[in-house]
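Data block below; observations after.
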Amino acid sequence: MLTGWYPADPLISVVIAFLVLGSSWKLLRDSTNILLEQAPRGLDVGEVGRGMVGVEGVEKVHDLHVWTVTSGFPALAAHVLAGEREDCHERCRELEELDSVVVLGPARLPASWP
């Protein structure tokens, strides 16, 4: 023992534990959000739903779920009701093209998006 002060070893261990926890906090937070399948940070799911309803021929969007599959790879699933005289497959293709714009980058919508 260098100093003869016995509480030094446990105190230094606690300080090191807090340093490790503090430096790994972002990693723990992000991995927990992915495991809980939360919506990507900074993405307004309501705005995504309103944008999808804004597509011509789409009457209603419900059961909209947006989650992060892995870091930087968000996913989207929704029930979409097309108009009675609309081609639902065409609307689906349009929404898939929109989806690639909606989830670009770190979950940010382009300013020009509906």
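For segment 61-67, take each phi angle, set θ = phi - 60°, evaluate the Karplus expression 6.51 cos²θ - 1.76 cosθ + 1.60, and give the result in whole Hz per residue in order, putting x for glycine and proline.
10, 9, 6, 7, 10, 10, 9
Which one, H65, G54, L95, is farthest towards the positive end of the dipole of segment 45-102 when Lys and Arg carry +1 and Asp and Glu -1 on their Cβ?
Going by the Cα projections, it comes out as H65.
Please identify the GluC sites (Glu not before Pro) of segment 13-65 that satisfy two criteria: DSSP loop assignment and at most 15 other Cβ atoms within 10 Å. Which are they?
Filter output for segment 13-65: E37, E56.
Order the peptides 4-17, 75-88 from the highest to the lowest mean number of other Cβ atoms within 10 Å of their residues.
Taking the mean over residues of other Cβ atoms within 10 Å, the ranking is 75-88, 4-17.
Laboratory data are not the source of any read-out in this text; all were calculated from the coordinates shown. Predicted model, so just to flag it, every value in this text is computed and none were measured. Cβ coordinates were reconstructed from backbone atoms using ideal geometry, including for glycine residues, and neighbour counts include every protein chain displayed.
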